[in-house]
Amino acid sequence: MYDHIEIENKWKKYWEDNKTFKTDVWDFSKPKFYALDMFPYPSGVALHAGHPFGYVATDIVSRMKRMQGYNVLHPIGFDSFGLPAEQFAIKTGKHPNGFTEANMKTMRLQLKTLGLSYDWDREISTHDPKYYKWTQWIFKKMYEDGLAKQINMPVNWCEELGTVLANDEVIDGKSERGGYPVVRKNMKQWVIDIPKYAEKLLSGLNDLDWPESTKEMQRNWIGKSIGALVDFKVDNFNETFTVFTTRCDTLFGATYCVLSPEHELVDKITTEDKKEDVRKYKEESSKKTDLERTELNKEKTGVFIGSYAINPVNGKKIPIWISDYVLASYGTGAIMAVPAHDSRDYEFAKKFNIEIIQVLEEVTGTPHEGETHKDSIVAVVYDKKNDKYLTINWKENGGRLFVGGTRKENESALDCALREIKEETGYDDLEFVKETFKINHHYYAYNKDKYFEIESTGLLFNLKSDHKVAQNLDDDENFIVEWVNKDQIESEVKDELHLKTFNYCINEEAMIGDGIHINSEFLNGLNKQDAIDKMIEFLEKNNLGKKKINYRLREWIFARQRYWGEPIPIVEFEDGTTKALDDKDLPLVLPELDDYKGKNGNPPLENAEDWKYVTIDGKKAKRETSTMPGSAGSSWYFLRYIDPNNDNELANKQLLDYWMPVDLYVGGPEHAVGHLLYARMWNNYLYDKGILSIKEPFKRLVHQGMLLGANGVKMGKRFPEYVINPNDIAKKFGTDTFRLYEMFMGPLEAEKPWSDSGVEGARKFLDRVYRLYTQENKISDSENPNLDKIYNQTVKKVTEDYENLGFNTAISQLMIFVNAVYKEDIFPRKYAEGFIKLLNPVSPYITEELWNKVLGYDNTISYESWPTYDESKLKDETYQMVVQINGKVRGKIEVSMDTTEEEMKKLAKNIDNVKNYIDGKEIIKEVVVPKKLVSIVVK
RNA sequence: GCCUCAGUGGCGGAAUCGGUAGACGCACAGGACUUAAAAUCCUGCGUGAGUUAAAUCACGUGUCGGUUCAAGUCCGACCUGAGGCACCA
């Protein structure tokens, strides 16, 4: 047992006294490496064992890179504006600054104990006026460029928190913090026009080394959809409205239109007799919170407003409805409804009995040249009493099918179906239920040697009684009539047409897939994509609409009605015009208040009477009293680390060009769309301004997985007895053990449960290492060839694994090496030093100690050169190969580098056990994979 | 409902390109040391059959099917779990 307390205190002091990890950012002589952690939020709760996961990971890479000769920037700071400090201020009437600074102090101590090699001279915090001066400055630039602006828009208002929230701060209609209800409210708000950057943010994702899931989440959040705007004239009114659709190919199937209740045209085009209905509906839907809207989305609601729109492609009059399933904030707030081919429209049309026109036909079978066309039916008959369906079993001549047949000339689908059912099965007491979507089917009839292309209509009947007449069959019709249940149909009916028809019969849903167009004049016969292209061409030529790209991403609401945030550096004059403060007036510092709580829904800064009013350019003006959201300060902090004390610019350009982008960024997946999207946008903007030379700030991103308590449940308030404090572990087992254990638990990205015995195992390994160096007396200046291969393998694997953040497998390799050394009597000094260097990034304290005390070096190990390996030592003179017979391992052979494949085969066949399997059998195939196996197939 | 990821011993987890499944650690069992215990060191450890012991054989990576000489790995369908999005037209 080594004394971890003594060793760790000693080296912690050494690193601080010597500023071991101070970065000289101006030293451009070495390659750079920028390793970044998501900076913590200094809440009152201390870090638990889950937080350091990411910190230790970046620290390991930073330490290795330093030893590999990189100039490493590895900073930390605090995201120190935000809600808990605000609530503390409201409760106590004290300035949140003191609370924040105290929390920062606690966390700083915790982080230092973890042995993280940060350059503490670069620490920044977002609430520091010297820092937020530049947050305000960037905002000001965006304001001047029209990117930050005030607009009137529906916002997420949280009454409980007394503030508006951004979309990513609202989860399931409730506030992310606190879980309070959020309602939609029209307000004048500061926003950042992030949709202007939608395309850049989308295309920029392609080259990033990020988790695919995060990139996908950002793509979905941006929500690009390519479609068309189509203009609809309102009959009897001199008005037009525009809809956005991604399916303009289905325009001939539009049977009604829907406007969102908030649409500006609604009041103008509602007919007199419908005014009251509309007024009531609008009132109801405006009262719903977002939560209620989503909860109530099971059942569609809406009202007809009395007027009609003209379908621009065929002049047909179609009714206009309003419904809250159409959102005011997406697209144009109006849609054309095609119930046959959109599930929401289908549901709505079914409920309100609106016409459904099929314009797209699913295609089954394979089309063939020279087909004969037929119209036909497939009839499904359901016997409710026995829960069975009527089928015809053709056995080897087609298997199980439903009743089917060809329509005679001028015969309706219904008549045809009734006739066929009667002829083939005799049943004639039926109730017609519905006709389903038509299917375009292609098949080859063996008995007639002909290819057919049929348009098949599906029909569903209920059996009313068992009444039967005699069947009327042709000679070649040889089958059994059988009633079977649903499961049997699903497993036994193989014919695509019949199975699809059955699904259409029993499921009430729209036909969403691709197919060929029908009932669509110039689109008939085209598939979905071709029809979309042709329709857009048609709309544009006739001035009825145009191609349009739409994004789901909306303006980033950039003001909070709170105190503890960056003041927005804008003033408003009495005439309503606004102006940004001059650069010399930045930072605009938060004033102290007597009361940190806003009154009557006003921001707290409204209470700062002296601060609020200023004279600018000789005119009276009032300051903006909202503050910026938490995501403001974190959108550019990684730039400030590079040059944290610069008072003249946000950071020196030469330094920015050298150090950006961040080479490795590790943080939780909860920031996938919020912070990570905003930071990318600010970085892209600063690139456009020429302040940065790169567009994307984070080259490589990794999310650390969550650490669960020993009970397998998330560490947190709910199970306080399962929360692990890293400082407790550090005290009992040492920080080195803590770091080693956390990294050994499993892949960085995975979710992992804590295990106390696992920690003890990690400590045992460090004790074993310590004993190896201090008690075993094996370290020697002589060589030991027995360790050559394993040492070089270890250097290779550990180096590669650290690079790929595969810490668990790297540590496993270090253990394998130590086990091997224990079996030897001589531990060559060169290998002893190399091993300590390999272990140093994970367990820095014990390795510094051994480097100093046992290996006798005066300096820190932190800048010693990283071990290299000798490729030639990795190779064996002989190696083992597996012999497989019919895919099963039946023996092994030992071969040398110059054994030929023929010799390998011969050796393989010579094994006794192999002989048992091949003697008297015919060898069909022999496969030799050098260095792996010999595979023999016998019969 | 849609998107993304995952599912391997008693447990955490390993396994480049398809090529000996279960590395390493924990737990457990046996042994050595010890008056004894702890610590340490050594050995064993997927399940079943087989044997004094081996050899050997069968089964085995969520389920079912497919491709292949060969599948944890590739393909198809499904089940379960995690995260995200959700009336986005």
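The values are calculated or read from the model by the stated rules, or taken from the named source; none is laboratory data. No experiment lies behind these values; they were computed from the predicted model shown. Cβ placement follows ideal geometry from the backbone for every residue including glycine, while neighbour counts extend to all protein chains displayed. SASA here: full protein model, heavy atoms, side chains in, ligands and nucleic acids out. Shrake-Rupley method; radii C 1.70, N 1.55, O 1.52, S 1.80 Å.
With the requirement that a residue be farther than 24 Å from A:Leu639 by Cβ, open to solvent by 20 Å² or more (accessible area, probe 1.4 Å) and either part of a loop (DSSP other than H, G, I, E, B) or in contact (Cβ under 8 Å) with a residue 24 or more places away in the chain (or both), what does region A:17-50 give you?
A:Asn18, A:Ser43, A:Gly44, A:Val45, A:Ala46, A:His48
Out of the residues in region A:819-842 meeting the condition of being within 13 Å of A:Asn786 (Cα to Cα) and of a type in the set (Val, Ile, Thr), tell me which one is farthest from the chain's Cα centre (by Cα).
Restricting to residues being within 13 Å of A:Asn786 (Cα to Cα) and of a type in the set (Val, Ile, Thr), the top hit is A:Ile826.
Taking region A:258-281, which residues are more than 10 Å from RNA strand B (Cβ to nearest atom) and open to solvent by less than 40 Å² (accessible area, probe 1.4 Å)?
A:Pro261, A:Leu265, A:Val266, A:Ile269, A:Thr270, A:Thr271, A:Val278, A:Tyr281
Say whether the condition of being surrounded by 13 or more Cβ atoms within 10 Å (Cβ to Cβ) and away from RNA strand B (no atom under 14 Å from the Cβ) is met by at least one residue in region A:878-886.
No, every residue in region A:878-886 fails to be surrounded by 13 or more Cβ atoms within 10 Å (Cβ to Cβ) and away from RNA strand B (no atom under 14 Å from the Cβ).
Check off (1) at negative phi; (2) in contact (Cβ under 8 Å) with a residue 60 or more places away in the chain; (3) within 10 Å of RNA strand B (Cβ to nearest atom) for A:Thr255 and give me the number that stays unchecked.
Checking A:Thr255 against (1) at negative phi; (2) in contact (Cβ under 8 Å) with a residue 60 or more places away in the chain; (3) within 10 Å of RNA strand B (Cβ to nearest atom), the one that fails is (3).
Quick test for you: out of A:Gly77, A:Gly115, pick the one residue that is touching a residue at least 24 places away in the same chain (Cβ under 8 Å), buried (at least 21 other Cβ atoms within 10 Å of the Cβ) and within 30 Å of the chain's Cα centre (by Cα).
Selected residue: A:Gly77, the only one of A:Gly77, A:Gly115 that is touching a residue at least 24 places away in the same chain (Cβ under 8 Å), buried (at least 21 other Cβ atoms within 10 Å of the Cβ) and within 30 Å of the chain's Cα centre (by Cα).
What helices (runs of 4 or more DSSP H), lying completely within region A:627-714, carry at least 3 residues that are farther than 26 Å from A:Glu751 by Cβ and away from RNA strand B (no atom under 16 Å from the Cβ)?
Counting at least 3 such residues, we get A:637-640, A:653-659, A:675-688.
Among A:Tyr879, A:Tyr845, A:Tyr917, which is the only one that is in a helix (DSSP H, G or I), hydroxyl-bearing (Ser, Thr, Tyr) and under 48 Å from the mean Cα position of the chain (by Cα)?
Residue meeting the stated conditions: A:Tyr845.
Would you please name the residue that is most open to solvent (accessible area, probe 1.4 Å), looking only at residues in region A:329-352 that are under 18 Å from A:Ala309 (Cα atoms) and assigned to a loop (DSSP other than H, G, I, E, B)?
A:Thr332
Output the qualifying pairs, or none if there are none: Cβ atoms under 8 angstrom, residues six or more apart or on different chains, first residue in region A:750-763 and over 17 Å from A:Phe807 (Cα atoms) and of a type in the set (Asp, Glu), second residue open to solvent by 20 Å² or more (accessible area, probe 1.4 Å) and more than 6 Å from RNA strand B (Cβ to nearest atom).
Filtered contacts from region A:750-763: A:Asp756/A:Ala710; A:Glu760/A:Phe733.
Which of the following residues is away from RNA strand B (no atom under 12 Å from the Cβ), open to solvent by 10 Å² or more (accessible area, probe 1.4 Å) and under 21 Å from A:His74 (Cα atoms): A:Lys853, A:Lys837?
A:Lys837
For region A:433-463, give me each residue that is open to solvent by 30 Å² or more (accessible area, probe 1.4 Å) and in contact with a Leu (Cβ under 6 Å, 6 or more places away or on another chain).
Once the filter is applied, which keeps residues that are open to solvent by 30 Å² or more (accessible area, probe 1.4 Å) and in contact with a Leu (Cβ under 6 Å, 6 or more places away or on another chain), region A:433-463 yields A:Val433, A:Lys434, A:Glu435.
Among the numbered conditions (1) hydroxyl-bearing (Ser, Thr, Tyr); (2) more than 9 Å from RNA strand B (Cβ to nearest atom); (3) under 30 Å from A:Asn311 (Cα atoms); (4) surrounded by fewer than 20 Cβ atoms within 10 Å (Cβ to Cβ), tell me where A:Ser203 comes up short.
Here A:Ser203 meets the rest and fails (3).
Of the residues A:Gly565, A:Gly618, only one is among the small types (Gly, Ala, Ser) and either free of Cβ contacts under 8 Å to residues at least 12 places away in the same chain or open to solvent by 10 Å² or more (accessible area, probe 1.4 Å) (or both); which?
Selected residue: A:Gly618, the only one of A:Gly565, A:Gly618 that is among the small types (Gly, Ala, Ser) and either free of Cβ contacts under 8 Å to residues at least 12 places away in the same chain or open to solvent by 10 Å² or more (accessible area, probe 1.4 Å) (or both).
Taking the condition under 30 Å from A:Thr577 (Cα atoms), out of contact with any helix residue (DSSP H, G or I) (no Cβ under 9 Å at 6 or more places or on another chain) and open to solvent by less than 20 Å² (accessible area, probe 1.4 Å), does A:Val243 pass? It would help to see each step written out before you state the result.
Details: under 30 Å from A:Thr577 (Cα atoms): no; out of contact with any helix residue (DSSP H, G or I) (no Cβ under 9 Å at 6 or more places or on another chain): yes; open to solvent by less than 20 Å² (accessible area, probe 1.4 Å): yes.
Criteria not met by A:Val243.
Six or more apart or on different chains, Cβ atoms under 7 Å: show the pairs whose first residue is in region A:652-675 and without any contact (Cβ under 8 Å) to a residue 24 or more places away in the chain and whose second is in a loop (DSSP other than H, G, I, E, B).
A:Asn652/A:Asp643; A:Asn652/A:Asn646
Quick test of your reading of the structure: A:Ser286 fulfils all but one of (1) more than 36 Å from the chain's Cα centre (by Cα); (2) exposed (fewer than 15 other Cβ atoms within 10 Å of the Cβ). Name the failing condition by number.
So A:Ser286 meets the others, but not (1).
Based on this model, can you work out whether A:Gln110 counts as farther than 30 Å from A:Tyr34 by Cβ and within 32 Å of the chain's Cα centre (by Cα)? Give the steps one after another, and end with the answer.
Details: farther than 30 Å from A:Tyr34 by Cβ: no; within 32 Å of the chain's Cα centre (by Cα): yes.
For A:Gln110, the condition - farther than 30 Å from A:Tyr34 by Cβ and within 32 Å of the chain's Cα centre (by Cα) - is not met.
Somewhere in region A:509-525, is a residue touching an Asp or Glu at 6+ places or on another chain (Cβ under 8 Å), crowded, with 20+ Cβ neighbours inside 10 Å, part of a helix (DSSP H, G or I) and in contact (Cβ under 8 Å) with a residue 40 or more places away in the chain?
Yes: region A:509-525 contains one or more residues that are touching an Asp or Glu at 6+ places or on another chain (Cβ under 8 Å), crowded, with 20+ Cβ neighbours inside 10 Å, part of a helix (DSSP H, G or I) and in contact (Cβ under 8 Å) with a residue 40 or more places away in the chain.
Return the only residue of A:Glu496, A:Glu490 being surrounded by 14 or more Cβ atoms within 10 Å (Cβ to Cβ), modelled with pLDDT under 95 and more than 30 Å from A:Gly227 (Cβ to Cβ). Show your work before the answer.
Working: A:Glu490 fails: surrounded by 14 or more Cβ atoms within 10 Å (Cβ to Cβ).
Testing whether each residue is surrounded by 14 or more Cβ atoms within 10 Å (Cβ to Cβ), modelled with pLDDT under 95 and more than 30 Å from A:Gly227 (Cβ to Cβ) leaves just A:Glu496.
Working only within region A:543-555, note down all residues that are more than 9 Å from RNA strand B (Cβ to nearest atom), in contact (Cβ under 8 Å) with a residue 60 or more places away in the chain and closer than 25 Å to A:Lys233 by Cβ. Spell out how you get there, then give the answer.
Applying the first criterion (more than 9 Å from RNA strand B (Cβ to nearest atom)) to region A:543-555 yields A:543-549, A:555.
In the following step, the residues that additionally are in contact (Cβ under 8 Å) with a residue 60 or more places away in the chain were identified as A:544-549, A:555.
Passing the criteria: A:Leu544, A:Gly545, A:Lys546, A:Lys547, A:Lys548, A:Ile549.
Among the numbered conditions (1) free of Cβ contacts under 8 Å to residues at least 12 places away in the same chain; (2) of a type in the set (Val, Ile, Thr); (3) in contact with a helix residue (DSSP H, G or I) (Cβ under 7 Å, 6 or more places away or on another chain), tell me where A:Ile171 comes up short.
(3)
Going through region A:212-240 one residue at a time, which ones are within 9 Å of RNA strand B (Cβ to nearest atom), assigned to a strand (DSSP E or B) and open to solvent by less than 20 Å² (accessible area, probe 1.4 Å)?
Result: A:Gly227, A:Ala228.
Please identify the pairs in which a residue from region A:329-348 that is within 22 Å of A:Lys233 (Cβ to Cβ) and at pLDDT 90 or above has its Cβ atom under 6 Å from the Cβ atom of a residue that is of a type in the set (Asp, Glu) and more than 7 Å from RNA strand B (Cβ to nearest atom), counting only partners at least 6 apart or on another chain.
A:Ala337/A:Asp345; A:Val338/A:Asp345; A:Pro339/A:Asp345
Among the residues of region A:572-583, are any within 30 Å of A:Ala608 (Cβ to Cβ), assigned to a helix (DSSP H, G or I) and either more than 16 Å from RNA strand B (Cβ to nearest atom) or open to solvent by 10 Å² or more (accessible area, probe 1.4 Å) (or both)? Reasoning before the result, please.
Pass one, region A:572-583, residues within 30 Å of A:Ala608 (Cβ to Cβ): A:572-583.
Still in the running and assigned to a helix (DSSP H, G or I): A:583.
From what's left, either more than 16 Å from RNA strand B (Cβ to nearest atom) or open to solvent by 10 Å² or more (accessible area, probe 1.4 Å) (or both): A:583.
Yes, region A:572-583 has at least one match.
Only one of A:Lys925, A:Lys873, A:Lys892 is touching an Asp or Glu at 6+ places or on another chain (Cβ under 6 Å), farther than 27 Å from A:Ala57 by Cα and open to solvent by 60 Å² or more (accessible area, probe 1.4 Å). Can you tell me which?
A:Lys873
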